[in-house]
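Novice: What follows is a structure written as structure tokens; I'll ask about it next.
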Amino acid sequence: MFQARWSLTAWKSGEPIRLPRILFLADRNNLATQAYNDFTSFASFEDAALVRIKPEDIRKKGSVPKNASVFFTIFQTFMSGPMKDGQPSPYFGEYPKDFFDFIVIDECHRGGAQDESNWRGILEYFSPAVQLGLTATPKRKDNVDTYAYFGEPVYTYSLKEGINDGFLTPFRVKQIQTTLDDYVYTKDDIVVEGQVDEGRLYKEKEFNRVIEIPAREKKRVDIFMSQIDQREKTLVFCASQDHALAVRDYINQIKTSKDPNYCQRVTADDGELGEEFLREFQDNEKTIPTILTTSQKLSTGVDARNIRNIVLMRPINSMIEFKQIIGRGTRLYDGKDYFTIYDFVKAHHHFHDEEWDGPPQAEDPCPVCGARPCVCETKPPKVCEDCGKTPCECLVEPCPVCGEIRCECEKKKRVKVKLADGKERTIQHMMMTTFWHPDGTPMSAQQFMDLLFGKLPDFFQNEAELRALWSAPDTRAKLLQGLADKDFGHDKLVAMQHLIDAEKSDLFDVLAYVAYLLPPLTRVDRAAKAKVEISTQFNSKQQVFLDFVLSHYVSVGVEELDQTKLTPLLRLKYHNSIADAVADLGKPDEIGKAFASFQNIYIPRKKGWCNFKTPSCVPAVIMANL
């Protein structure tokens, strides 16, 4: 739209030629700055055509900027300004009312259109301009004033349309519960600060607001840090700015990275330093900071396309905020097939709410006037008896004790509890992984795999045939090559392995899980079971060598069992002397036979099943009959 408008040679026929003046108005600095940076990427705009309006620049130059074509600022900047003749003189008043031709209001549901908002005055002042409100959360019951001011939407692009058009990524949810999600004080715990209510059940919504248990938060950090790839960009949403600071410190204490800026907090209190960390986090070419902790600030307007993990450590009560937080992860990025939500607070229940992506619900008419929106006459707020102004502008001295305008001395101090010795070590957790379409509908693991990677080729008809193919090096190699030829090569199988949390399992387990929902076994478990059988079927020297092979299998994976690996393994075990290996284990064909046949043990076949089209099946039947 902007490119098309920019190409016009005249703004209005019969008037002097000039380009239109456009104002981009937001309520947060990062939104205005992000839009400004995006516009600078358009080759159509010269540097002088764009300006980011900041209060410090206005004060430095003594006036608002006017020599540009596209202006970016926030409501707060326009509302600020020096006092003149004892009256406020906001900066937006320095522009003529018809200065801007077109105004874009980003996140318009958050204040500018609200009847009681001071920012509304800016929009009314520039009423000659065409005003376009943008919002990703247009539910009428949450945005009555937005609809009253802007009218019905002129264009709507739904979440489902974005999914169908391929603009959003699916995700998986790790639902995590611990044995300390709720808390009741016991005498062996130590109250470090505040006064605990004995017998009271403290619930999730009260943690890090009413009560603080550092060991609980540290345990949660330990859990998700052990689950994520610590090189992936991650957002952690916390209950408060103090909580975000504590979580940042816990993360930095256990991180594998040596960089001191690996995890940083970005909240309202972090100012320009926080904005700098956010800009670096959003830069896809940079890897530090890798994790940001926040409370409210980063729930919207953060265009970081490579976010792979979102951690929820506080309840999310608003559907609008929930959508915005999920939206931080759904952005597309090269090589990003999905993202993961680590949910400690049961926030995934919002997906089952009809408001998740249902059509806007019509607001009920006002019961008094019968209109929607309400047109009842409202009484203006009372004028202050002392200063005679609305709202009151009387100067109030801060409390000499707490330093706040509104004294907080009487507020109940947050309770801080140190768990009794040994209790922290007994905190247990359980985790369940579920898979979700970007529209919030649940999917099976197989559906999720099909969405990301396509349907698995039909190279085996059932579990028994898969076991038979996998349990011999030659047929396994042919199966893997066939999968690779159908675009299911090693890298894709490993990606699937990570997706189902089976990094320590065999690739066989990936195929068996996707095809037949068989729970994966770890390579350690498979090796341990195989050793029991090996001890009864092979001589002592063969057992030592096969134990050596299994140790490499556990460390590396199934590729160590490929037939081409036999010679390198022999050289490694026998210090590069094949002669010593032959002396110990027998002739080369006997060694090869032992190497192949033991693999029938590590992936046991279904009893009574044999496919005689598979040559490697015949020796197994003969062995079973001996």
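The values are calculated or read from the model by the stated rules, or taken from the named source; none is laboratory data. The structure displayed is predicted, hence computed values, not measured ones. Cβ sites come from the backbone with ideal geometry, for glycine too, and all protein chains shown count toward neighbours. Accessible surface is based on the protein model in full, side chains and every heavy atom, while ligands, DNA and RNA are left aside. Shrake-Rupley method; radii C 1.70, N 1.55, O 1.52, S 1.80 Å.
Novice: Could you tell me whether any residue of the range 353-360 is modelled with pLDDT of 70 or more and open to solvent by less than 40 Å² (accessible area, probe 1.4 Å)? It would help to see each step written out before you state the result.
Specialist: First, the residues of the range 353-360 that are modelled with pLDDT of 70 or more: none.
So far as the range 353-360 goes, no, none of its residues is modelled with pLDDT of 70 or more and open to solvent by less than 40 Å² (accessible area, probe 1.4 Å).
Novice: Just for the range 43-69: of the residues that are in contact with a Pro (Cβ under 9 Å, 6 or more places away or on another chain) and either of a type in the set (A, V, I, L, M, F, W, C) or without any contact (Cβ under 8 Å) to a residue 12 or more places away in the chain (or both), which one is nearest to Ile122 (Cα to Cα)?
Specialist: In this case the residue turns out to be Ile53.
Novice: Among the candidates Ala148, Ala136, which residue alone is aliphatic (A, V, I, L, M), open to solvent by 40 Å² or more (accessible area, probe 1.4 Å), modelled with pLDDT under 85 and part of a loop (DSSP other than H, G, I, E, B)?
Specialist: Unique residue meeting the criteria: Ala136.
Novice: Tell me which residues, restricted to the range 567-588, are under 16 Å from His552 (Cβ atoms) and assigned to a helix (DSSP H, G or I).
Specialist: Thr567, Pro568, Leu569, Leu570, Arg571, Leu572, Lys573, Ala581
Novice: Count, please, the residues in the range 472-517 that happen to be open to solvent by less than 50 Å² (accessible area, probe 1.4 Å) and not in a helix (DSSP H, G or I).
Specialist: Looking only at that region, the number is 7.
Novice: Report whether or not Phe237 is within 26 Å of Gly335 (Cα to Cα) and out of contact with any Gly (no Cβ under 7 Å at 6 or more places or on another chain).
Specialist: Considered against the rule, which asks whether it is within 26 Å of Gly335 (Cα to Cα) and out of contact with any Gly (no Cβ under 7 Å at 6 or more places or on another chain), Phe237 comes out as yes.
Novice: Quick check: anything in the range 309-317 surrounded by 20 or more Cβ atoms within 10 Å (Cβ to Cβ), of a type in the set (A, V, I, L, M, F, W, C) and modelled with pLDDT under 80? Full working, then the answer.
Specialist: Just the residues of the range 309-317 that are surrounded by 20 or more Cβ atoms within 10 Å (Cβ to Cβ), to begin with: 309-314, 316.
So of that shortlist, the ones also of a type in the set (A, V, I, L, M, F, W, C) come out as 310-313, 316.
Among the residues that remain, those that are also modelled with pLDDT under 80 are: none.
The answer is no; no qualifying residue exists.
Novice: Could you check how many residues of the range 215-274 are farther than 25 Å from Asp189 by Cα, touching a residue at least 40 places away in the same chain (Cβ under 8 Å) and open to solvent by less than 20 Å² (accessible area, probe 1.4 Å)?
Specialist: 7
Novice: I would also like to ask the following. Could you grab me the full set of residues in the range 154-212 that are touching a residue at least 12 places away in the same chain (Cβ under 8 Å), out of contact with any Leu (no Cβ under 9 Å at 6 or more places or on another chain), open to solvent by 70 Å² or more (accessible area, probe 1.4 Å) and not in a strand (DSSP E or B)?
Specialist: Thr156, Lys160, Thr179, Gln195, Glu198, Arg200, Lys203, Lys205, Arg209
Novice: Could you go through the range 547-570 and let me know if any residue there is more than 36 Å from the chain's Cα centre (by Cα), touching a residue at least 60 places away in the same chain (Cβ under 8 Å) and open to solvent by 70 Å² or more (accessible area, probe 1.4 Å).
Specialist: For the range 547-570, residues more than 36 Å from the chain's Cα centre (by Cα), touching a residue at least 60 places away in the same chain (Cβ under 8 Å) and open to solvent by 70 Å² or more (accessible area, probe 1.4 Å): present.
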